[in-house]
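Engineer: Can you read through this structure? Questions will come right after.
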Amino acid sequence: LVIDADTEDELAVREQSTLLHQFLYQSSPGIPFSVFLAVPELEIVLLTDRSIIETIVRRQLTDAEWQFSRSHPKEFLNIITAESPTTQSILNHLTPEQKSILQQHPLITDLINFLRNFSGIEQPVKMN
């Protein structure tokens, strides 16, 4: 399960994770699962590297914009991109090197490792 934490508060993130884990454990006995909380939101993955987002928006970000993006990634992306592109359209415009950088985000690496453990995948997973 991948879900937005909607907070940066570490205690709240741990509590959400524990609660979700307990619910899933009770409702799916014997089925492998894991809980992945995107802190604060899933869009944070697109902000793994400042230069990538600057390439997407075709300008340098101010330090204030970068700071805001780290706390409110979804809102930031909606503000900064004129046509409000979808995550998929952003990914479609990235180079293989940029996608590789995004794959280094801890949320993505944890998810890939979980999937490898239960699918038998031994090769690196590539973002299309």
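Engineer: Just give me the residues in segment 1-17 being loosely packed, with under 11 Cβ neighbours inside 10 Å and acidic (Asp, Glu), in sequence order.
Structural biologist: Once the filter is applied, which keeps residues that are loosely packed, with under 11 Cβ neighbours inside 10 Å and acidic (Asp, Glu), segment 1-17 yields only Glu10.
Engineer: Filter segment 82-92 for residues that are open to solvent by 90 Å² or more (accessible area, probe 1.4 Å) and over 17 Å from the mean Cα position of the chain (by Cα); which is modelled with the highest pLDDT?
Structural biologist: Here the residue is Ala82.
Engineer: Which residues, taken from segment 105-121, are open to solvent by 70 Å² or more (accessible area, probe 1.4 Å) and at pLDDT 95 or above?
Structural biologist: Matches in segment 105-121: Pro106, Asp110.
Engineer: Also, I was wondering about something else. Those residues that are among the polar types (S, T, N, Q) and either touching a strand residue (DSSP E or B) at 6+ places or on another chain (Cβ under 8 Å) or open to solvent by 50 Å² or more (accessible area, probe 1.4 Å) (or both), I need them from segment 18-72; list them, please.
Structural biologist: Answer for segment 18-72, where residues must be among the polar types (S, T, N, Q) and either touching a strand residue (DSSP E or B) at 6+ places or on another chain (Cβ under 8 Å) or open to solvent by 50 Å² or more (accessible area, probe 1.4 Å) (or both): Thr18, Gln22, Gln26, Ser27, Ser51, Thr55, Gln60, Thr62, Gln67.
Engineer: Between a first residue in segment 21-36 that is touching a residue at least 24 places away in the same chain (Cβ under 8 Å) and a second residue that is basic (Lys, Arg) and not in a loop (DSSP other than H, G, I, E, B), which pairs have beta carbons less than 9 Å apart while being 6 or more apart in sequence or on different chains?
Structural biologist: So the pair list comes out empty.
The values are calculated or read from the model by the stated rules, or taken from the named source; none is laboratory data. Note that this is a predicted model, so its numbers are computed, not measured. Glycine gets a Cβ as well: all are built from the backbone with ideal geometry, and neighbour counts include every protein chain shown. Only protein heavy atoms, including side chains, enter the accessible area calculation; ligands, DNA and RNA are left aside. Shrake-Rupley method; radii C 1.70, N 1.55, O 1.52, S 1.80 Å.
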